[in-house]
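Encoded as structure tokens, the structure appears first; notes follow it.
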Amino acid sequence: MKIFTVEEINSQIKAIILNEFYYPVTIKGEVANSKIAPSGHQYFTLRDGDNMSSNSIKCVLFNNQSNQIVKDFEHHEVLVTGNVDLYKAYGNCQIKVIEIEEYGEGALKQAFEKTKAKLDKEGLFLLKKDIPLYPKNIGVITSPDSHAFQDVCSKIKTRYPISDIYLYPSLVQGKLAAKNIIKKIQKCNNDSVVDVILIVRGGGSLEDLMAFNDEDLARAIYNSKLPTITGIGHKPDITIADYVADVSMETPTAAAIHACPDKFDLIQRINEIDNHLKKAFKLRLNNINNTIHNFLLRIETFNPKKIIEVMMSENRRISNNLKYIIKNNIRNILDANKINNSRLGQVQKIINLKIKKSLKDYKTSERNLSKFIINILKEKKQQHKSLFSDLFSYNPVNMLKKGYSIIRKPSGEIIKNKDVIRDIKAFTAEFSDGIINIEKASFKK
């Protein structure tokens, strides 16, 4: 019988484990007893989330493996991915963790917070549109068979029955819900019928409400030209859609209440305005009566005939003064016209003298310019004759007539020295009366 040491048994068990789990595994469980060693390694226990179960396994996350903090997941249900191993020092099976992430509702909350932080940073939660005080048409995006829609219709008809409700039926739960709601928001805007949009649904779990945490839906609400009011879930529920909406209410009923005024409040306000107008009209009428009474007293106090006589006398006085002012102004204008005519005659004489002088100066300048041009022409003609004479004397044809000749290669290039002739077999000689071809054999070097 072979007797094993503890180390041998642990080594064989470890070999069996590594052979069986040679690939990383993913385990679901709840984090407990997490701690960080001085080395930076993190140790924790992963146990079944069921309180009735005592199953657990040790886990280690080495400090060079990840920057995640295990304590952040304490008592949370997580998914751990890692390699199954045996720690031989204690003979315990453990998981060498590669990655840890939250599972279930915790993961949904994490996704919610990530999307919320991103949109908040972009400023999608800041700008809010005003809700119309007296909406004529109200659009409701929800499930047509839901209690939320019934509650909204009931509350609006009770509070503000003159408003029309337009249902835009949509899914409010599941993978297709967000895209469905986005299409309905776009349709509301394209239809240009409603004045405000209500996005509502009843309560539910975080998973049930995840459609309203969709990033694309949040952007559709933000980009809507129509104001939006959300009433999603119950009081503790809040979604990304609530943050982006122009107004967020706790429930669908609260959203309906906020979307329209109360008819009883309006009736009371109309009565108050009616009473105010009646009082203002009565006060205004009393003021008019008092004014008329005062006018009558003034008419009785002053004789209208005397007033007319005074006005006629004042009219005559003003008329006489106006006639005197007009005559005086006409006289001043005539005097000024005489002075201006006299000055104009003097100016005309000065202008005529200047014109005569300018004509004389022009004729003198014209004569001088003609003489200058003639002299220049004579000088240029003399220069032309001189240049023509020089050009004629340098004409190669005239040089040939004097007995000179031009020696060229067969290509036509002029030969300028005797050394060039040694390298060619023939050449031409140009005289004044023609050109001849010469071969080297016909003469001695």
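Here, each number is a calculation from the coordinates, and none is a lab measurement. It should be emphasised that the depicted structure is a prediction, and the values quoted were computed from it without experimental measurement. Don't worry about glycine lacking a Cβ; one is built from the backbone with ideal geometry, like all the others, and counts go over all protein chains shown.
Annotations for the structure displayed:
- Built amide H within the under 5 Å cut-off of residue 77, gap 5+: 103
- Set of aspartates and glutamates near residue 401 by C-alpha distance (under 13 Å), chain-local residues within fewer than 8 positions excluded: 430, 433
- For residue 251, residues with placed amide H under 5 Å, excluding near neighbours: none
- Computed from backbone phi, the HN-Hα couplings of the stretch 428-435 come to 10, 10, 9, 10, 5, 9, x, 10 Hz, rounded to whole numbers (Karplus: 6.51 cos²θ - 1.76 cosθ + 1.60, θ = phi - 60°; Gly and Pro given as x).
- Cleavage-rule hits (trypsin sites (Lys or Arg not before Pro)) in the stretch 123-196: DSSP loop, at most 16 neighbouring Cβ within 10 angstrom: 128, 129, 136, 175
- Sites matching chymotrypsin sites (Phe, Trp or Tyr not before Pro) across the stretch 28-67 that sit in DSSP coil, with at most 10 neighbouring C-beta atoms within 10 Å: none
- For the stretch 86-99, 3J(HN,Hα) computed residue by residue from phi via the Karplus equation (6.51, -1.76, 1.60; θ = phi - 60°) reads 10, 8, 5, 4, 10, x, 9, 6, 9, 10, 7, 6, 9, 8 Hz, glycine and proline entered as x.
- With neighbour counts taken as other beta-carbon atoms within 10 Å, the residues 147, 75 rank, fewest first, as 75, 147.
- The stretch 163-169 - phi-based ³J(HN,Hα) in whole Hz, Karplus 6.51/-1.76/1.60, Gly and Pro as x: 8, 9, 9, 10, 8, 10, x
- Where (1) 23.2; (2) 37.2; (3) 24.0 are the candidate values, the label of the one calculated here for Kirkwood radius over Cα pairs in Å is (2).
- Loop-located GluC sites (Glu not before Pro) across the stretch 338-425 with a Cβ neighbour count of 15 or fewer within 10 Å are 413, with loop assigned by DSSP.
- The local environment of residue 87, defined by Cβ-Cβ distances under 10 Å, has a net charge of +3 under the rule Lys, Arg +1 and Asp, Glu -1.
- When the C-alpha to C-alpha distance is required to be over 24 Å, the pairs from 129/187; 35/88; 136/225; 35/114; 28/118; 116/157 that qualify are 35/114; 28/118; 116/157.
- A straight chain from residue 342 to residue 388 at 0.36 nm per residue would run longer than the Cα-Cα distance by 9.7 nm.
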